[in-house]
Structures are given as C-alpha cells and as structure tokens.
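Asks: Sharing a structure with you now.
The values are calculated or read from the model by the stated rules, or taken from the named source; none is laboratory data. Nothing here was measured: the structure is a model prediction, and the numbers come from that model. Cβ: placed from backbone, ideal geometry, glycine included. Neighbour counts: every protein chain shown. Ligands, DNA and RNA are stripped out before the accessible areas are found, and what is left, the full protein with its side chains, is counted by its heavy atoms. Shrake-Rupley method; radii C 1.70, N 1.55, O 1.52, S 1.80 Å.
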Amino acid sequence: MSQLDAFSLAGRVALVPGGGGAIGSAMATALAGAGAKVTVVDRTQELADAVAERIRAAGGECLAIGADVLQESECERMVASTVEKFGRLDIIVNCVGGGAGKVLFDAQEYPRDAWDWIYELNVRSTLLATQAAVRAMIAGGHGGRVLNISSVRASLGINAGYSAYVAAKGAISSLTRQWATEWAKHGINVNAISPTFVDTPQVAMLLDDPAFKANVVARIPLGRVGGTGDLTGAAIFFCSDASTFVTGQILGIDGGLTATQ
Ligand SMILES: NC(=O)c1ccc[n+]([C@@H]2O[C@H](COP(=O)([O-])OP(=O)(O)OC[C@H]3O[C@@H](n4cnc5c(N)ncnc54)[C@H](OP(=O)(O)O)[C@@H]3O)[C@@H](O)[C@H]2O)c1
C-alpha cells in the first residue's frame, strides 16, 4: 500500500464532455493514465475517436461518443452508453466551454446573441451534462465526482470585452458551490479548477498578439501562461480518493496571478 494509491482511479469510470478539445483531451488522457475507464464525448464522432485511439494506444480503455451536450437527449445517451459499456459512472469532468476570444464587445454594447451563445456554450453545456451524469451517480449509489472548469475571469475583470465570459464563469463557480452543497448527501463531491490563459487554439488569436501576451505574462508571477499539462494533476486529485474531504472548492491554476490581486 503506497500513499500514491489514493490518487489511483483504477476501477473508476469517467465521462469527459469536450474530451476532443485542447484541455478535454489532456484531461481524458490523464484520467485514463491514472487508471480510469474513460468516455470521451465531443461534438463530432471523429474528434472523439481520435482521442480515444490515443488513449487505447497507451493501454487505456476508452469509449468515444459524438454528441451535442446542449441537447438533453444527447446527454442521456452519452451517460446511458457509458453505464452500458463500463457498468457504472463515477466522474464527470466538464470540458465544453470557452469562446471568449471570439465575441469581444464593449460592455455597454454587448449583443444579446453573443451573450446567449457564451452562456449556452459554458453554462448550459455544463448544466445539462452534469444533470444527466449526477442522476446516474445517484442511481448507482456509490457517490461520485464532478469537476468543472471555471476561469480566473470568474473573479478578475479584464479590459478586453469579456462581459459574457466573466459572467458565465462566475455562474460555473457559483454552481460548483451550490452543487457541492446539494449533492454532498449523495456522496458526490463537486469542485472546479480556475485557470488563467492556457496555451490552446481557443486563445491563440489573443496570445498571438505579442503586446497582449507580454501584458498577460507580466502579471503572472511564474512568468508564463499555462499549458494543458498544468491542469491534469489537479484533475486527478479532485477525481480521486486523495480529495475525499474536499468539495465546493475552486482551485486557481494561474501561476500566482490571483495571489497578486
Ligand atoms: N484555453 C484557455 O485559455 C482556458 C482558460 C481558462 C478556462 N478555459 C476553459 O477550459 C474549457 C476547455 O477549453 P479549451 O481551450 O480546451 O476549448 P476547446 O479546445 O474548444 O474544447 C472544447 C471542446 O468542446 C466541444 N464542444 C463545444 N460545444 C459542444 C457541444 N455542444 N457538444 C459537444 N461538444 C462541444 C468543442 O467542439 P467545437 O470545436 O466543434 O465547438 C471542442 O472540441 C472551457 O470551459 C474554457 O472556458 C480555457
């Protein structure tokens, strides 16, 4: 028996909506590497298949599903397929979201359609996927783990047209605390990670601007933006027995950015 056994996900089954994306694929791969059987869900079957193939090639067990998590029936299908394939569901890591850099508007002019799009992409996707997953966890009767992805933008303003995104991530952080409170009685722990900029295609259009990137990096004590690999250790912690008494927490993964504010 090693102290590291508490971090093992052997015998656990994890669902990763958005698992075909930059952060989601890193999360799915890390969970599989820690021993979990993983269902990778993304909008297209091809994207989910590509990640699943990499996980299988590394010796992991993986189911790939193409599904739109903004449709309740699709969320039901991804959960039912997971339980049918692996016999249970223990973990959901919500990785659908983002979009901030695509809809930058002054706060006083922020258009309603852009606002709704960001909210659907970030909040409704997390809500519908989590509701379906948690119903299965409650039915399974052995607790579970929900991990959301918030952002430092939930608590820090940024002078770059981010109104809808900061509000949506604020909602994710609030829901994390609310769900932790409501679902504790079912043995379901709910936490979130809160990254600063992570070097991914979603934010490339911002970080490709040297002046913008220099300004971001100058405010981060550790002197760089994040990489997807910076997020996975925390995910394994939050999804494993190492964090049994941790719920309702939002962990900044930001190189010290929020410590300076
Ligand atoms: N990157 C950062 O700097 C950063 C920082 C802090 C927090 N975050 C958060 O981290 C999360 C993941 O970001 P990321 O950079 O990995 O984004 P990403 O690469 O775009 O990954 C998201 C994935 O979800 C898919 N998706 C979107 N809507 C979907 C739907 N309705 N049903 C199924 N799949 C859907 C996307 O497919 P499509 O491409 O087809 O839409 C994409 O493959 C987001 O919540 C983001 O806000 C990111």
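Asks: Per residue, how much accessible area does the chain have with a 1.4 Å probe, in Å²?
Replies: Ligands and nucleic acids excluded, the result is 45 Å² per residue.
Asks: Which net charge results when you count Lys and Arg as +1 and Asp and Glu as -1 among the other residues whose beta-carbon is under 11 Å from that of residue 131?
Replies: It works out to a net charge of 0.
Asks: Would you mind giving the average projected area, over all directions, of the Cα convex hull of the chain in nm² with one decimal?
Replies: 14.0
Asks: For the chain, with the dipole built from +1 on Lys and Arg beta-carbon atoms and -1 on Asp and Glu ones, taken about the Cα centre, which of 141, 83, 216 lies farthest toward the positive end?
Replies: Final value for the positive-end residue is 141.
Asks: Same structure again: Across the Cα atoms of the stretch 106-261, what radius of gyration and what greatest pairwise Cα-Cα distance (Dmax) are found, in Å?
Replies: Gyration radius and largest Cα-Cα distance of the stretch 106-261: 16.6, 52 Å.
Asks: Something else about it: When you count, for each residue, the other Cβ atoms within 10 Å and take the mean per peptide, how do 119-127, 18-26 rank with the highest first?
Replies: Packing proxy ranking, top to bottom: 18-26, 119-127.
Asks: Grab the other residues whose beta carbon is less than 14 angstrom from that of residue 171, score K and R as +1, D and E as -1, and report the net.
Replies: Its environment carries a net charge of +2.
Asks: Okay, moving on. In the neighborhood of residue 46, defined by Cβ-to-Cβ distances under 14 Å, what is the net charge if each Lys or Arg adds +1 and each Asp or Glu adds -1?
Replies: Spelling it out: positives minus negatives among the neighbours equals -1.
Asks: Let me ask another. From the helices alone, meaning DSSP H stretches of at least four residues, give me the mean residue ellipticity at 222 nm for the chain, per-run term -39500 (n - 2.57), in deg cm²/dmol to the nearest 500.
Replies: Per the formula, -13500 deg cm²/dmol.
Asks: Then there is this: Which order, highest average first, do 185-191, 99-105, 216-222 follow once you tally other Cβ atoms within 10 Å for each residue and take the mean per peptide?
Replies: 185-191, 99-105, 216-222
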